[in-house]
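Beneath this line is the structure, given in structure tokens, with notes to follow.
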Amino acid sequence: MDIGTKVIDIIAEQAILDPGDVTLESTLESLGIDSMGLVESIFAIEEAFDIRIPFNANEPSDSDFNISSVASIISGIEKLVAEKT
Amino acid sequence: MNRVAITGAGTINSLGHSVKETFINMAEGLCGIGPLHFRDVDRLDIKIGGQVKNFDPTTVFNRQQLSLYDRVTQFTLIAAKEAVKQSGIIFSGELAAKSGVVLGTAGGGVSTWDDNYRAVYEEGKNRVHPFVVPKLMNNAAASHVSMEYNLKGPSFTVSTACASSNHAIAQAFQMVRSGLSDVMVTGGSESMLCFGGVKAWEGLRVMSKDACRPFSANRNGMVQGEGAAIFVLENFDKAKKRGAEILAEVIGYAMSSDASDIVMPSKQGAARAIKGALHDAQLSPEQVKYINAHGTGTAANDKTECAAVADVFGRHADNLMLSSTKSMHGHLIGGTGAVELLACIMAVKDGIIAPTIGYEEADPECALDVVPNQAREVEVDVALSNAFAFGGLNAVLAVRSV
């Protein structure tokens, strides 16, 4: 399973949606994921890929990790996974 | 000063998943204590406890709720649902703004601590679930009850070890009696039956390996239990006016501190709490027919408690009944006073005195009527519930039939 598909699965599970309903353009807000759901998603992604995501819930916009859309989240994770190897 | 009614009660404990089931099993003298079932139990010296049986949280709560509800919160919400439903109260407007929830627990989310310490220490993981803190905090259960029922008034959690529930109920009682709130949700809960929770208690060497036999000469210690009991306390006149069923009236309480030892109980401290409750409820000693004992099944507690009761009640001590239901449901630590208040309600409402089971041999130092092994049918007007905690913090409640 590629990174994008796996991330979408995790986000869909968090949003209690079918993965088919999560598009690359979706924002977490549009999927109904609140701040608690966000930290839970980040935890699940870290567990799944064994990475550390530089995200601070106090200042989401100042984090190095862009969460503005599903696409930006996936590309951020791809970068972190690449740095790991 | 307002009179205070109990208009709702709910519970889940090793004797049952409801008040009705618990009453039936208390009256039957059933033992809820048995072999413990959880991870690494084979590494424990103590392998028995009053565990809640036939309980699958996934049939009650959804995944999102379970990520936030430690077992102690799960128990609390189940008991609160039964209690609030029975009261028939829907909290809205001014009533919601003034109503709150005061609960007792000694350990809070113990299994959440245990599971996550395991993950980072034993399994070497460097990351824990983001909700560990909101799941384990001691006030989590109280907060979830406030959210579930829209309780927007004073809410907090009291932690005074084995007296937590009695201290909590006393606080809620005081709020309704003084008029600060017309309705308060109160009680307590505990869930320490996990590897770390039992291992810690083992260290004190006060635990029995086979049974909890309070007041019996061959007793050999306490047995832990788990669960919750929740009550709705309400302004008596207003409860009556709306036609609510009143289970019992709370008529007084007292708290005292031994100020002497961190674990050994004091006869004087216990006696002062019992006497204080009589005074607060304006009772003469002769009016008390039943006392739900703290009765842990340890030598230290049982002898001290009997001596304190004899001191306060004098010759009447021989005429009253003093039973310890811990012999059936185990010691729920911070939740114990709440489950034991149920036995007092059963006494004053139904005239059934729950027994001290496992009683095998008379102890001259506990020469009171401990209602051995079999429940008794006696009309009771006034009952007391004792709780004497580690740290020397005592709280006694008084209830009356309606």
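Only one entry of B:L278, B:L332 meets the criterion of being under 27 Å from B:A228 (Cα atoms), surrounded by fewer than 24 Cβ atoms within 10 Å (Cβ to Cβ) and at pLDDT 95 or above, and that entry is B:L278.
Among the residues of the range B:305-318, those that are touching a residue at least 40 places away in the same chain (Cβ under 8 Å) and open to solvent by 10 Å² or more (accessible area, probe 1.4 Å) comprise B:A307, B:A310, B:D311, B:V312, B:D318.
Selection over the range B:372-386 of residues that are outside any loop (DSSP other than H, G, I, E, B), under 13 Å from B:L322 (Cα atoms) and either in contact with a Pro (Cβ under 8 Å, 6 or more places away or on another chain) or not β-branched (V, I, T) (or both) gives a count of 6. Among the residues of the range B:1-37, those identified as surrounded by 19 or more Cβ atoms within 10 Å (Cβ to Cβ) and of a type in the set (S, T, N, Q) are B:T7, B:T11, B:N13, B:S14, B:T22, B:N25. A:S75 passes every criterion in (1) open to solvent by 60 Å² or more (accessible area, probe 1.4 Å); (2) in contact with a Pro (Cβ under 8 Å, 6 or more places away or on another chain) apart from (2). Going by what's in this entry, would B:E148 be described as farther than 18 Å from B:Q51 by Cβ, among the acidic types (D, E) and surrounded by fewer than 19 Cβ atoms within 10 Å (Cβ to Cβ)? The answer is yes for B:E148.
Of all helices (runs of 4 or more DSSP H) completely enclosed by the range B:38-138, which ones contain at least 2 residues that are within 14 Å of chain A (Cβ to nearest Cβ) and open to solvent by less than 70 Å² (accessible area, probe 1.4 Å)?
On the way: elements: B:63-66, B:71-87, B:93-98, B:110-117, B:132-136.
Of the helices (runs of 4 or more DSSP H) lying wholly inside the range B:38-138, those with at least 2 residues that are within 14 Å of chain A (Cβ to nearest Cβ) and open to solvent by less than 70 Å² (accessible area, probe 1.4 Å) span B:63-66, B:132-136.
Every condition in (1) within 14 Å of another protein chain (Cβ to nearest Cβ); (2) touching a helix residue (DSSP H, G or I) at 6+ places or on another chain (Cβ under 8 Å); (3) in a helix (DSSP H, G or I) holds for B:M147 except the one numbered (2). Note on the range B:163-192: residues that are in contact with a Leu (Cβ under 6 Å, 6 or more places away or on another chain) and either open to solvent by 10 Å² or more (accessible area, probe 1.4 Å) or part of a loop (DSSP other than H, G, I, E, B) (or both) amount to 0.
With the condition kept exactly as written, say whether any residue in the range B:316-327 is within 20 Å of B:F23 (Cα to Cα), assigned to a helix (DSSP H, G or I) and touching a Ser or Thr at 6+ places or on another chain (Cβ under 9 Å). Yes: one or more hits. Scanning the range A:31-45 turns up at least one residue that is out of contact with any Gly (no Cβ under 7 Å at 6 or more places or on another chain) and more than 12 Å from chain B (Cβ to nearest Cβ). Going residue by residue through the range B:240-253, is there one that turns out to be part of a loop (DSSP other than H, G, I, E, B), open to solvent by 10 Å² or more (accessible area, probe 1.4 Å) and in contact with a Leu (Cβ under 8 Å, 6 or more places away or on another chain)? Among the residues of the range B:240-253, not one is part of a loop (DSSP other than H, G, I, E, B), open to solvent by 10 Å² or more (accessible area, probe 1.4 Å) and in contact with a Leu (Cβ under 8 Å, 6 or more places away or on another chain), which makes the answer no. Residues that are closer than 15 Å to B:F215 by Cβ and β-branched (V, I, T) were ranked within the range B:340-378; the one that is surrounded by the most Cβ atoms within 10 Å (Cβ to Cβ) is B:T356.
Looking across A:L17, A:L28, one residue alone is away from chain B (no Cβ under 14 Å), within 24 Å of B:L68 (Cβ to Cβ) and either touching a residue at least 12 places away in the same chain (Cβ under 8 Å) or loosely packed, with under 13 Cβ neighbours inside 10 Å (or both). It is A:L28. Return a yes/no flag: does the range B:386-401 have any residue that is over 20 Å from the mean Cα position of the chain (by Cα), closer than 21 Å to B:G252 by Cα and open to solvent by less than 20 Å² (accessible area, probe 1.4 Å). Scanning the range B:386-401 turns up no residue that is over 20 Å from the mean Cα position of the chain (by Cα), closer than 21 Å to B:G252 by Cα and open to solvent by less than 20 Å² (accessible area, probe 1.4 Å). Does B:Q287 fit the bill of being surrounded by fewer than 18 Cβ atoms within 10 Å (Cβ to Cβ) and touching a strand residue (DSSP E or B) at 6+ places or on another chain (Cβ under 6 Å)? It is true that B:Q287 is surrounded by fewer than 18 Cβ atoms within 10 Å (Cβ to Cβ) and touching a strand residue (DSSP E or B) at 6+ places or on another chain (Cβ under 6 Å). Residues of the range B:1-25 that are touching a strand residue (DSSP E or B) at 6+ places or on another chain (Cβ under 7 Å) and under 22 Å from B:Y253 (Cβ atoms): B:N2, B:R3, B:V4, B:A5, B:I6, B:T7, B:G8, B:A9, B:G10, B:T11, B:V19.
Listed conditions (1) open to solvent by 10 Å² or more (accessible area, probe 1.4 Å); (2) touching a strand residue (DSSP E or B) at 6+ places or on another chain (Cβ under 8 Å); (3) assigned to a loop (DSSP other than H, G, I, E, B) are all met by B:H294, apart from (1).
The values are calculated or read from the model by the stated rules, or taken from the named source; none is laboratory data. Bear in mind that the values here come from a model prediction, so they are computed numbers and not experimental data. Neighbour counts are summed over all protein chains in view; Cβ atoms, including those assigned to glycine, are modelled from backbone coordinates with ideal geometry. For accessibility, only protein heavy atoms count, side chains too; no ligands or nucleic acids. Shrake-Rupley method; radii C 1.70, N 1.55, O 1.52, S 1.80 Å.
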